[in-house]
Amino acid sequence: MKTKLAHYTKTINDSRNLFLGVLGHDLRNPIGAVSMGAQWIERSGITNPKQARVVSEIRTAAGRATQILNDLLDLTRSSFGTEIPVVKTKIDMVALCQEIADELRAIHTDRDFEVTHDGDPTCSCDAARLGQVLLNLMGNAIQYGDREQPITVRIAGNDPDTVTIAVHNMGPPIPPDTQKLVFQSWMRGQDISDDSEHSTHLGLGLYIAKLIVEAHGGEISVVSNEQTGTTVSLRLPRS
């Protein structure tokens, strides 16, 4: 009985992972076409402010959809035992964090971001993959954080072997039991049992972030309480 149940469970999981992989792969081209079309219209020079805003929103939405597809493909890859590939180059983490903050600030004009650093902020990493992680962490801070308080990103580079990035927001804390599960797949942090609009999210962001950080040989952790808010920290090796 146990053998049959295990076989059935594996079959269901493999089918789900295959479906997600096919879905992610097949949706890339049409979403890419939407994104390229919006970029072409922007470059052609739009004088009408309302039209320009609509085109910008289309491009932003296509970018979010692409990010979801990337998460699905990364999940499928990890489910079949394949590590997420990273191509490392030496980058300035302050510049990368500022770039992501500027991108989100342009969309969420009512939110404040503060990027600070001390020490040497350079390390060898995959800028696109780390950007994916930072976009997710800052996006979570926007979603769950106190709208009246800034989202802070602090890069610490005083350790000769590692660089630490801490993304912080004030707001309702993540429950202690949830903190133990927040980096697992299909979990969403504060709203695991929430039936609100947030429940439409796939709940893959922090899980994928963990896979990417671990692919760099690093660590990711969270500390959250009522007094100090929520901080998600990345600890990355310099090389």
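The values are calculated or read from the model by the stated rules, or taken from the named source; none is laboratory data. What you are looking at is a predicted structure, and each value in this text was computed from that prediction instead of being measured. Glycine also receives a Cβ, built like all others from the backbone with ideal geometry; neighbour counts cover every protein chain displayed. Remember, those area values only see protein heavy atoms, side chains included, never the ligands or the DNA or RNA. Shrake-Rupley method; radii C 1.70, N 1.55, O 1.52, S 1.80 Å.
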For labels at GLN67 and GLU114 in the simple 7 Å Cα→Cβ model, what's the distance in nm?
-> 2.3 nm
From most to least accessible, 1.4 Å probe, no ligand or DNA/RNA atoms counted, VAL222, VAL163 line up as VAL222, VAL163
Specify, per residue and in Å³, the volume enclosed by the convex hull of the alpha carbon atoms belonging to region 137-183.
-> 96 Å³
Between the alpha-carbon centers of region 26-63 and region 130-183, tell me the distance in whole angstrom.
-> 30 Å
Which residues qualify? For GLY119, with a placed amide H closer than 5 Å and at least 5 residues away or on another chain, they are GLY157
